[in-house]
Amino acid sequence: MKMSNLYMPTLREVPNDADIVSAQYLLRAGMIRKLVSGVYSFLPLGFRVMKKVEAIVREEMDRADAQEVLMSAIQPREIWEESGRWANFGPEMFTLQDRNQRDFCLGPTHEEYFTFLVNNELNSYKQLPLCLYQVQTKYRDERRPRFGLIRSREFIMKDAYTFDVDEEGLRASYNNMWQAYEKAFDRIGFKYKVVQGDSGNMGGLVSHEFIAITPEGESNIAYCDACDFAATDEVAGARFDAKIELACEGEPNEKVHTPNVKTISDLETFFNVSPKAFIKTLLLKVESTQDVIAVMIPGNRELNIVKLSKFLEVNEDDLVMLQEEEVYPLTGSIIGFVGPFGLKESVRIVADERVFSIVNGICGANEKNYHLKNVVLEPSQFEVAEDLLSVEAGDLCPHCGQPLKIDHGTEVGNIFQLGDKYSKAMNATFLDKDGKSKHFVMGSYGIGISRCVAALVEQFHDDKGIIWPVAVAPYHVLVTVVNPKKEDQLNLGMTIYESLKEQGVEVVLDDRKVSPGVKFTDADLIGIPLRIVVGKKAGENIVEVTERASDEKIEIAVDKLNELITEKLNA
RNA sequence: CGGGGUGUAGCGCAGUUUGGUAGCGCAUCUGGUUUGGGACCAGAGGGUCGCGGGUUCAAAUCCUGCCACCCCGACCA
């Protein structure tokens, strides 16, 4: 490809709506463009990268004996009613109607569709196990699309589904996919961790997430160096020593005047004790039912809303913190003085187990400017949850007891053991050996192809632009002709370009009639791994080879060039 | 969904307070000079000022409704 003809509209300035480095560079490098919030176009260079990621994933899926199909993005409401997820997915689902007012959605995922498909065709255990996959566009009407390709409303996903006769078969299929994922992510070049995932509302289901490690990532993961434990912060058990005992000065549950002492740090100053000794009471409500929940946690910790939503068996997005004006009618107090005693009876009180280790603690009195001290909570009087807290660095590993570390990342893949959740709901069965009808035991497996492109940029960039790993680079080699008006430079550039092309090297020629600065700046921005600069020494048949990653420059005679390029690309 | 902010040329922005012919930089086009890290000179094209309604002799500017985009949304209880 000649750059004089390449559709690569690079931008000097950062578009003001690009909120993360990957979005900034992909936009500036002319690889993607935004149509509307959360919806992007892929331009030639960006599309080439995505196709490379896709090809690697496809190869590893095929190697693992998965079979590729292509389903429709449009799905009828009926199959979602069968699984019960039409209502459950709620506003996240893009819905539409045909001319006869029949409801459809643009598929956010395809469990129902695959289950429906297979149910019609698969009747015998002899046809199992089976693994089908597709690479396809998915739609989710995110509450708040952001981070460019990382949380978009339209995205490309590879999704796979396995069907087995029993749990044992599922485990084998699951491990098979796990290995395929590791091979794919290794080949792409990701730095990543495999962590235990959110196992869904019902518990007992196994899942893992593949997290690309990126400093700005929105997923938090907790992991242990001493053993192989790793999990997202939504499941990692926050184990720590919560025991604290204050001397009982005065009466039990004694009311203390605490004017304007609202926050934990205010309390810390006022009472001069550790925040561990405070019992923090937060008020939330379930929006769909308007049920109000008071949650008690140790004062030095944060509530993890995902863990709470699982405990309450409600949707995470359905849980919100109460607004200031909603608090008074329920508590008789304002924010800052809420406590577990004397709440309206309609309020459901849930306690994180650790608050019972606080002896003679301090909590809100449900009266403005008053707290209670010398509080000892009695577990039998409250609903007790094992763990509602966000894990923190230094908490103890639930496996081996060593301190945990926290890292950030972007989820690029996940694997789920679904069991018979969908096959049961949709009554998808086969006949087993013994002639009995059984539900398929299923798994589902996703890789966010377009998100991978963004995660790669998050991992591989510097202050000048992107640094693509060779395996996914849009082109391998960029030949820059410094001054295309000089015949010897242009001719030599063309010769090198043609010869590399001949050998099957993916090469692009920068023959644009712009100043060298523009070419070099664009080259750094778009991040092609190797650059050959044809400049002043073209007459002597000497060119310069630069590695984008290391910025290492080598002057070399043209007849030794092929050898060097081959060596560098295979390194 | 709640709170805040912004919408003016392809991109980044000024102009809005105090109504009076729509501007700047970059990009684009023409001609010329230039070419090892975002060149220079001369000229040119490009905008229903997000959309609708209103006030006014006159609206980017004031009023009003809508739309889009961005930011924030426990750390406090």
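The values are calculated or read from the model by the stated rules, or taken from the named source; none is laboratory data. Because the structure is predicted, anything quoted here is derived from the model rather than measured. No Cβ is skipped: glycine too gets one built from the backbone with ideal geometry, and neighbour counts run over all protein chains shown. Ligands, DNA and RNA are excluded from the accessible area calculation, which covers all protein heavy atoms including side chains. Shrake-Rupley method; radii C 1.70, N 1.55, O 1.52, S 1.80 Å.
Structural remarks
- Only listed residue being open to solvent by 10 Å² or more (accessible area, probe 1.4 Å), more than 22 Å from the chain's Cα centre (by Cα) and within 8 Å of RNA strand B (Cβ to nearest atom), chosen from A:Gly342, A:Gly332, A:Gly336: A:Gly336
Per-residue answers, yes or no, for (1) within 16 Å of RNA strand B (Cβ to nearest atom); (2) over 16 Å from A:Pro469 (Cα atoms):
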site: A:Gly30; (1), (2): yes, yes
site: A:Tyr40; (1), (2): yes, yes
site: A:Leu45; (1), (2): yes, no
site: A:Ile56; (1), (2): no, no
site: A:Ala73; (1), (2): no, yes
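Yes or no, residue by residue, for (1) acidic (Asp, Glu); (2) closer than 24 Å to A:Asp462 by Cα:
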| site | (1), (2) |
| --- | --- |
| A:Leu27 | no, yes |
| A:Arg33 | no, yes |
| A:Leu43 | no, yes |
| A:Gly46 | no, yes |
| A:Asp62 | yes, no |
| A:Glu68 | yes, no |
| A:Ala73 | no, no |
| A:Glu111 | yes, no |
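- Test for A:Gln290: is it without any contact (Cβ under 8 Å) to a residue 24 or more places away in the chain and either over 17 Å from A:Lys262 (Cβ atoms) or surrounded by 18 or more Cβ atoms within 10 Å (Cβ to Cβ) (or both): yes
- Checked against the criteria, A:Val505 counts as surrounded by fewer than 20 Cβ atoms within 10 Å (Cβ to Cβ), outside any helix (DSSP H, G or I), away from RNA strand B (no atom under 11 Å from the Cβ) and of a type outside the set (Gly, Ala, Ser).
- Among the residues of segment A:518-531, the ones that are near RNA strand B (Cβ under 10 Å from one of its atoms) and open to solvent by less than 40 Å² (accessible area, probe 1.4 Å) come to 6 in all.
- Residue in segment A:110-126 that is surrounded by the most Cβ atoms within 10 Å (Cβ to Cβ), counting only those that are aromatic (Phe, Trp, Tyr) and farther than 17 Å from A:Lys436 by Cβ: A:Phe114
- Of all residues making up segment A:241-269, the number that are over 17 Å from A:Gly339 (Cα atoms), open to solvent by 90 Å² or more (accessible area, probe 1.4 Å) and out of contact with any Ser or Thr (no Cβ under 6 Å at 6 or more places or on another chain): 5
- Verdict on A:Met157 being at pLDDT 95 or above and closer than 30 Å to A:Asn16 by Cα: yes
- Qualifying residue in segment A:481-495 (condition: away from RNA strand B (no atom under 12 Å from the Cβ), open to solvent by less than 50 Å² (accessible area, probe 1.4 Å) and closer than 27 Å to A:Tyr25 by Cα): no
- The residues of segment A:158-176 that are small (Gly, Ala, Ser) and within 15 Å of A:Val206 (Cα to Cα), listed by number, are A:Gly169, A:Ala172, A:Ser173.
- For segment A:284-327, filtered to residues that are within 7 Å of RNA strand B (Cβ to nearest atom) and β-branched (Val, Ile, Thr), the residue that is modelled with the highest pLDDT is A:Ile305.
- Residue within segment A:44-54 that is open to solvent by less than 70 Å² (accessible area, probe 1.4 Å) and not in a helix (DSSP H, G or I) present: no
- Of all residues in segment A:378-405, those being in contact with a strand residue (DSSP E or B) (Cβ under 8 Å, 6 or more places away or on another chain) and farther than 22 Å from A:Lys307 by Cα number 1.
- Evaluation of A:Pro474 against (1) within 16 Å of RNA strand B (Cβ to nearest atom); (2) in contact with a helix residue (DSSP H, G or I) (Cβ under 6 Å, 6 or more places away or on another chain) (one fails), failing number: (1)
- Condition met for A:Ala226 (among the aliphatic types (A, V, I, L, M), within 30 Å of A:Val206 (Cβ to Cβ), part of a loop (DSSP other than H, G, I, E, B) and open to solvent by 60 Å² or more (accessible area, probe 1.4 Å)): yes
- Considering segment A:508-532, and only residues there that are in a loop (DSSP other than H, G, I, E, B) and not aliphatic (A, V, I, L, M), the residue that is nearest to A:Gly30 (Cα to Cα) turns out to be A:Gly527.
- Qualifying positions in segment A:94-108 - open to solvent by 10 Å² or more (accessible area, probe 1.4 Å) and assigned to a loop (DSSP other than H, G, I, E, B): A:Asp98, A:Arg99, A:Asn100, A:Gln101, A:Arg102
- Filter pass, A:Ile362 being within 16 Å of RNA strand B (Cβ to nearest atom) and touching a residue at least 12 places away in the same chain (Cβ under 8 Å): yes
- Candidate set: segment A:130-173, residues that are in a loop (DSSP other than H, G, I, E, B), within 16 Å of RNA strand B (Cβ to nearest atom) and touching a Pro at 6+ places or on another chain (Cβ under 8 Å); chosen: the one nearest to A:Met50 (Cα to Cα): A:Ser152
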